[in-house]
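Chemist: Quick one: the structure is below, and I'll ask about it shortly.
The values are calculated or read from the model by the stated rules, or taken from the named source; none is laboratory data. A quick note: this is a predicted structure, and the numbers were derived from the prediction, not measured. All Cβ positions, glycine included, derive from the backbone under ideal geometry; neighbour counts span all protein chains shown. Heads up: the accessible areas ignore ligands, DNA and RNA and are worked out on the full protein's heavy atoms, side chains in. Shrake-Rupley method; radii C 1.70, N 1.55, O 1.52, S 1.80 Å.
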Amino acid sequence: MSNTPQDTDPDEAALIEWCIQVEELFVAAGVPRKDAQQYIEDEADWLTDMFYDGLTPEEAAKEALA
């Protein structure tokens, strides 16, 4: 059974979209996309916590880049 968009949990979909926004903010700050993607993968638990704590992508990116 394949995972189609309608099968995706709404919270998971929101988290993925949030991470995409964080990635774009990293890239806008000068981080190479490959490095931004690797960082998000490496720090997935921390970023997930920030998402569920209600941080905006901007707040999360600022904290991560500090």
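Chemist: Net charge within 13 Å of Gln21 by Cβ-Cβ distance, Lys/Arg positive one each and Asp/Glu negative one each, not counting Gln21 itself? The partial results should precede the final answer.
Modeler: Numbers: positive: Lys62; negative: Glu17, Glu23, Glu24, Glu58, Glu59.
Result for the neighbourhood of Gln21: -4.
Chemist: Based solely on its DSSP helices, what 222 nm [θ] is calculated for the chain when runs of n ≥ 4 H residues each add -39,500 (n - 2.57) and the sum is averaged over all residues, nearest 500 deg cm²/dmol?
Modeler: Details: 4 runs with 47 residues, N = 66.
Rounded to the nearest 500, the figure is -22000 deg cm²/dmol.
Chemist: Equivalent-ellipsoid semi-axes (√(5λ), Cα gyration tensor) for the chain, whole Å, largest first?
Modeler: Details: eigenvalues 96, 39, 19 Å².
Equivalent ellipsoid of the chain: 22, 14, 10 Å, largest first.
Chemist: How large is the accessible surface of Asp49 in square angstrom, using a 1.4 angstrom probe and rounding to the nearest 10?
Modeler: 90
Chemist: Separate question: Tell me, what is the percent relative contact order of the chain, built from C-alpha pairs under 8 Å that lie six or more residues apart?
Modeler: 36
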